[in-house]
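Participant: Next up is a structure, given as structure tokens.
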Amino acid sequence: QIYTDLWWLYDGLGWLYAYVLVFSTILVPPSNMEGKKKVCRVVLDNIQSAFAPDHCLEVSCALLPFKAPGHCKVTPTKRLRRDDCLHLDTMMDQLESSRLFSPPAVGSCCWGLYHVFSPHSPNLHVMIMETSPDRAQPGPEHLTHSEGRSAMELASRVFSFMERGGHSNTTNEEAYVMAYNWSYRSWGKRDEMGFQSLASKWHAHLLTMPLCEEYYRIIPSSSLSPFYKYVMGHESAKRRCARALAEDILCQISARGPNTPLAKLSWRVTATGFHAELPTHSMSELCARTDFFADILEPLARTISDRFAQLTEAISNVRRAEIDEVVTTCGSAVVGAAKLAAMREEPVFADIPTARANFDRISAKTELLEALWEGIENRLVADRTGAIDFADPIGGTFRWVWKKSFAYSIAVGSFPAEDGSRSILLNVYMGEHTGPGGSSESMGVVLRRPDAVCSDEAGIEKRCAALQTLSQYLHDE
């Protein structure tokens, strides 16, 4: 009897397990859940890892012309180049047709929310930028604390809309990210590629990333081109330089004082820069904090900007004051051809003994100089040969060159973890080269444009309807 009872119990448990398995499969498709977990894990690995992970993500995003409500045709979009940003009034006129919303001005500062023609996400992607046609602000360090706080208030309202799912009816886990690129002192035929496109105006990208395999394809890092292997930190030269720069910047943060909010964060050096986790629960909450810009974002941007200027002047004849004078006054003064040509001249580099003495004077380590010198030598070789493409046709590697005045990207976002929790991570990417994805590449995402470069009519209608819903939400709030 005992054996019979045990058999029936075993059989009953078997049928119960079968029913649970069937119903759980119907209610929660395992492939989607597992795919979501995999994509989330790849993003977090690429942000947090000290070594470049074995996998990264690939996303395809078509260009998105803007179609205003009630219009049958899309609004023509002119691609703005580096020269355009030095004609500030003309640039802002060009962008006016893409403006979705502006809150009340704070003094002379008025922020605008803009549609993005070249999105980095298959979901909602907008940007915030100050709208004055006569004042250049190339980085957060050029904003007052009240101006920065008003920018973050607008960002908080946009993230509140995103977090409520107002932009989409998808149930996929999403990351909510604010990101920007900085390279406004980089002028020249090799220096203007990648990073900050509108060099006279700091602009922050606000986007959602639907982290599922429907949109993001997981690819092995070994399949990347030599260029992208370098960008993603798989080349030893990249890791060596990025880590040396990251450690140097973190020393500057510590030198500001151990009790500053920036120094109190638990920073970790990664394969391409450094990152820290922020003690908040959502991007809307983070941006709504009155101290986020004043205590974290602006001091970080100022520290990096000041240090990059010191390092640049220690190894070359490029002078911060000369470039800053041109870029920051372009809203009130005409930039002449002679000044523009002077900014674009190839730098003259110090010899190694002089550079080493200069590094000692500014308390920079010899290891950093050695890491940078490879890029400087590659640039000198390129200048002699006239080369612009630095892919090595023999060794199949990418020869990186030093970017005049350096460059960086910051991405701060709310990322879902496998256990359902969320992490708010601030990631700083130390870079010289970047592809079309800009700051997205700092998160391990390779951006591709499809063969049909622009979205089809249905795609434009859908995405622009979401933009209109966001605009109406901000007006009504």
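Readers should treat all values here as calculations from the given coordinates under stated rules, not as data from a laboratory. Owing to the predicted nature of the structure, the values given are computational and were not obtained by experimental measurement. Cβ: placed from backbone, ideal geometry, glycine included. Neighbour counts: every protein chain shown.
Participant: With just the Cα atoms defining each centre, how far is segment 276-306 from segment 316-351? Give it in Å.
Facilitator: First find each Cα centre; the distance between them is then 30 Å.
Participant: Cα axis of helix 236-255 to longest principal axis of the chain: angle in degrees, 0 to 90, nearest 10?
Facilitator: Value to nearest ten degrees: 80.
Participant: If I model a spin label at Glu370 and Ala337 as a point 7 Å from the Cα along the Cα→Cβ vector, what separation in nanometres do I get?
Facilitator: About 4.7 nm, to one decimal.
Participant: Further question: Suppose R0 equals 30 Å; then what is the FRET efficiency for Gln252 and Arg449 from their Cβ-Cβ distance, rounded to the nearest 0.05?
Facilitator: Values: r = 37 Å, r/R0 = 1.25.
Once the sixth-power term is evaluated, E becomes 0.20.
Participant: If you take the beta carbon distance between Asp351 and Ala466 as r and set R0 to 56 Å, what does 1/(1 + (r/R0)^6) give as a FRET efficiency, to the nearest 0.05?
Facilitator: E between Asp351 and Ala466, to the nearest 0.05, is 0.50.
Participant: What is the sum of charges, Lys and Arg at +1 and Asp and Glu at -1, for the other residues whose Cβ falls under 10 Å from the Cβ of Arg320?
Facilitator: Taking every other residue near Arg320 into account, the sum is -3.
Participant: Still on this model: Mind ordering 110-123, 89-102 by average Cβ neighbours within 10 Å, highest first?
Facilitator: Taking the mean over residues of other Cβ atoms within 10 Å, the ranking is 110-123, 89-102.
Participant: Under a point-charge model restricted to the Cβ atoms of Lys and Arg (+1) and Asp and Glu (-1), what is the dipole moment magnitude of segment 329-382 relative to its Cα centre, in debye to the nearest 20?
Facilitator: Approximately 280 debye in magnitude.
Participant: Report the one residue of Ala309, Trp373, Ser332 whose Cα lies farthest in the direction of the positive end of the charge dipole of segment 300-384 (charges on C-beta: Lys and Arg +1, Asp and Glu -1; origin at the Cα centre).
Facilitator: With unit charges placed on the Cβ atoms, the residue in question is Ser332.
Participant: Using only Cα atoms, find the angle between the long axis of helix 30-48 and the longest principal axis of the chain, and express it within 0 to 90 degrees, rounded to the nearest 10.
Facilitator: Helix 30-48 and the main axis of the chain meet at about 30 degrees.
Participant: Using 10 Å bins from zero, what percent of all Cα-Cα pairs in segment 318-477 falls into each bin?
Facilitator: Histogramming segment 318-477 at 10 Å steps yields 7, 19, 29, 25, 14, 5, 0 percent.
Participant: Compute from the Cα atoms of the chain the Rg and the Dmax, the latter being the longest Cα-Cα distance, and quote both in angstrom.
Facilitator: 24.3, 101
Participant: Run the dipole for segment 73-213 about the Cα centre, Lys and Arg Cβ at +1, Asp and Glu Cβ at -1, nothing else charged, and hand back the magnitude in debye, nearest 20.
Facilitator: Computed about the Cα centre, the dipole is about 280 debye.
Participant: Find how many whole Å separate the alpha carbon centroid of segment 240-271 from the alpha carbon centroid of segment 367-381.
Facilitator: 22
Participant: Sticking with this one: Given an 8 Å cut-off on Cα distances and at least 6 residues of separation, report the relative contact order of the chain as a percent.
Facilitator: 26
Participant: Please state the relative contact order of segment 144-218 as a whole percent: Cα pairs under 8 Å, 6+ residues apart?
Facilitator: Once normalised by length, the contact order is 36 percent.
Participant: To the nearest 10 degrees, how steeply does helix 298-315 sit against the main Cα axis of the chain, on a 0 to 90 scale?
Facilitator: Roughly 50 degrees between the two axes.
Participant: Points 7 angstrom from Cα along the Cβ direction at Arg240 and Glu285: gap in nanometres?
Facilitator: 4.3
Participant: Next question. Assign unit charges at the C-beta atoms only (+1 for Lys and Arg, -1 for Asp and Glu), then state the dipole size of the chain relative to its Cα centre in Debye, rounded to the nearest 20.
Facilitator: Charge dipole, the chain, about its Cα centre: 660 debye, nearest 20.
Participant: In addition: At 7 Å along the Cα-to-beta-carbon direction for both Thr385 and Glu457, put a label point, then send me their distance in nm to one decimal.
Facilitator: 5.0
Participant: Starting from the Kirkwood radius over alpha-carbon pairs of segment 114-203, derive D by Stokes-Einstein at 10 °C in a medium of 1.306 mPa s and give it in µm² s⁻¹.
Facilitator: 106
Participant: While we're looking at this one, here's another question. Among Phe292, His275, Ser254, flag the residue with its Cα farthest along the positive direction of the charge dipole of segment 243-302, charges on Cβ as +1 for Lys/Arg and -1 for Asp/Glu.
Facilitator: About the Cα centre, the residue reaching furthest to the positive side is Ser254.
Participant: What FRET efficiency comes out for the pair Ser108/Ser266, r = Cβ-Cβ distance, R0 = 45 Å, nearest 0.05?
Facilitator: That pair, Ser108 with Ser266, gives E of 0.75.
Participant: Is the shape of segment 253-305 best called rounded, prolate or oblate, per the rule: a/c under 1.5 gives rounded, else a/b larger than b/c gives prolate, else oblate, with a ≥ b ≥ c the square roots of the Cα gyration tensor eigenvalues?
Facilitator: oblate
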